Number of protein chains: 2
Amino acid sequence: MTTDSSDFEEYADLGATTEDAMEIAETSMDRVRELVPNETLADRIRGKSVHATGDPEFQHLIRFTGRTETEPIRAGARAVLDERPIVTDITMVREGITGRGHDCTVRKAIGNGAELAEQTGMTRTAASVLELDKQGVYDDAIAVVGNAPTAALALADCIEDGTRPAVVVATPVGFVKAAECRTRVRAVATEHGVPAITNVGRRGGSGLAAGLTNELVHVASDAREGSVTLSVEGADAT
Amino acid sequence: MTTDSSDFEEYADLGATTEDAMEIAETSMDRVRELVPNETLADRIRGKSVHATGDPEFQHLIRFTGRTETEPIRAGARAVLDERPIVTDITMVREGITGRGHDCTVRKAIGNGAELAEQTGMTRTAASVLELDKQGVYDDAIAVVGNAPTAALALADCIEDGTRPAVVVATPVGFVKAAECRTRVRAVATEHGVPAITNVGRRGGSGLAAGLTNELVHVASDAREGSVTLSVEGADAT
């Protein structure tokens, strides 16, 4: 574990360790369930998006890329059970990933590829993704982009060039390339059979990306305990 | 500096170090300025909220507590120039604070007060705030709460008991106590003359809190260079 596991109680009830925190986590999920259906694994991700953004309407902005709506969730949870690395774009997202319920390493891309960024003028996060990809880090990984559209675009290029993450979670926020980078992720993910969880529109961000990734961890925990089946047949069991 | 300064390019153009990043930062602020007025220091904070959330309507959810709308921004920027500590609730928010443009220490509350949390059952973030407050950390500090409503409520209790932060930035997100904790922060801040920047509603989060704090740093940088005056008379110069 490279992540600081001390501050995720708003992201997964796995993280609630005190009496008050557990009560808050339970009440919070109760309120979300009044606002979002809770029938399928996809509903869990939609519910988490509402929880992370505080906005009931956000459930309608989530998109699943895969043969079925639940494929990216099952693929993500299986990658968690297989202890595949979780690779985030920036430190903020890494710090939002729960330290419990999994034995995956959690690492950030930023900090790699400095030379490439300097030579080309590309953003440091985009250069970081390309550098880690060269090292094979993204194959079968849980690839999470919460902040930088250019990192998501770089990841899409890598997928086009043959890289195969287990799942992509991409929710960059903002006015420049944010919606566009997610459209491109969905296009290459569809074309190359890579499961992906994204949103439409300009909203999103690090907290959302961390929250959705934590829900994959949560689904994996439930699968480990037998309350969720990750096979295609049992995909929609909750 | 205790913060990782490597990943803040989406939060302040101070952070754009490559050609592409600088172009994105400029285009991004141009788009925000088409959507938000850019006349006063308060407009800058409103614009930053739009930038951080990707939502033009978020500008209308920001609230300023002080004798004037710009007082909390001037107080925050002065605290940055005075190199007062920036104290965040959780690690994610700390990691979102820019490493440039200031010489403030940036620290997180979480990780303190473990014994208190265990004894009382209160959340770890609330216990952390109470513990740091006992050490006098919050007086004259830039107190930032991006995630945990209970941390904001604890901070409000501290203000009621005599603690005087230079400014409070509070934007917890969610369905349990998030809107309520900010209402309470505004009430105690008004009563005790503590400047505060908050939002209304259930939305918010770590990225927003980091973004607004980074804008205080940015205003301080502009004041240092003479393009902004922090005195009351010049409060609305941009």
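The values are calculated or read from the model by the stated rules, or taken from the named source; none is laboratory data. Fair warning: this is a prediction, and the values are worked out from it, not measured in the lab. A quick note on method: Cβ atoms are made from the backbone with ideal geometry, for glycine too, and the neighbour counts reach across all protein chains shown. Accessible surface is based on the protein model in full, side chains and every heavy atom, while ligands, DNA and RNA are left aside. Shrake-Rupley method; radii C 1.70, N 1.55, O 1.52, S 1.80 Å.
Applying 1/(1 + (r/R0)^6) with r as the Cβ-Cβ distance of A:Val200 and A:Arg224 and R0 = 41 angstrom yields a FRET efficiency of 0.80.
Take the Cα radius of gyration of the protein assembly as shown and divide it by 2.2 N^0.38 Å, N being the number of residues; the result is 0.92. Placing dummy labels 7 Å off each Cα toward the beta-carbon, the span from A:Arg164 to A:Glu34 is 4.6 nm.
With its label point defined 7 Å out from Cα along the Cα-to-Cβ axis, B:Glu19 lies at 6.2 nm from the matching points of the other copies, in increasing order. When the alpha carbon gyration tensor of region A:115-167 is reduced to an equivalent ellipsoid, its three semi-axes come out at 18, 12, 9 angstrom, largest first. A simple spin-label model places the labels of A:Arg67 and B:Ala187 5.6 nm from each other, with each point 7 Å out along Cα-to-Cβ. Plainly put, the tip 7 Å out from Cα toward Cβ on A:Glu39 is 5.1 nm from that tip on each other copy, the closest given first.
By the rule of a C-alpha distance below 29 Å, with chain neighbours fewer than 8 residues away ignored, the lysines paired with B:Lys177 are A:Lys48, B:Lys48, B:Lys108, B:Lys134.
Counting Cβ atoms of other protein chains within 10 Å of each residue's Cβ and taking the mean over peptide A:218-225 gives 0.
Quick one: Cα convex hull volume of region A:102-215, Å³ per residue? It would help to have the intermediate numbers written out before the result.
Details: hull volume 10.9 nm³, N = 114.
Taking the convex hull of the Cα positions in region A:102-215, it is 95 Å³ per residue.
Relative contact order of chain B: 25 percent, from C-alpha pairs under 8 Å at least 6 residues apart in sequence. Working from Cα pairs under 8 Å separated by at least six residues, relative contact order for region A:131-238 is 25 percent.
From most to least packed by mean Cβ count within 10 Å, the peptides A:86-92, B:36-42 give A:86-92, B:36-42. Across chain B, the longest piece that holds none of the trypsin sites (Lys or Arg not before Pro) lying in DSSP loops with up to 16 other C-beta atoms within 10 Å covers B:101-238. Of the residues in region A:138-170, those shielded by at least 30 Å² of accessible area once partner protein chains are present, compared with the chain alone at a 1.4 Å probe, are A:Asn147. Using a probe of 1.4 angstrom and keeping all protein chains present, the accessible surface of region A:93-238 works out to 33 square angstrom per residue.
Shape analysis of region A:58-164 based on the Cα gyration tensor places the equivalent ellipsoid semi-axes at 23, 16, 14 Å, largest first. Length, then width, then depth: along the principal axes, the Cα atoms of region A:187-236 run 37, 28, 14 Å. Calculate, in whole percent, how much of the Cα-Cα pair population of region B:152-238 lies beyond 19 Å. Summing the P(r) of region B:152-238 above 19 Å gives 47 percent of all pairs. Label-point spacing at A:Thr105 relative to the other copies reads 3.2 nm, in ascending order, each point sitting 7 Å out from Cα along Cα→Cβ.
Each 5 Å bin, from zero up to the one with the longest distance, holds this percent of the alpha carbon pairs of region A:13-224: 1, 8, 16, 21, 22, 16, 9, 4, 2, 1, 0. Computed from Cα atoms alone, the Kirkwood hydrodynamic radius reported for region A:13-69 is 12.1 Å.
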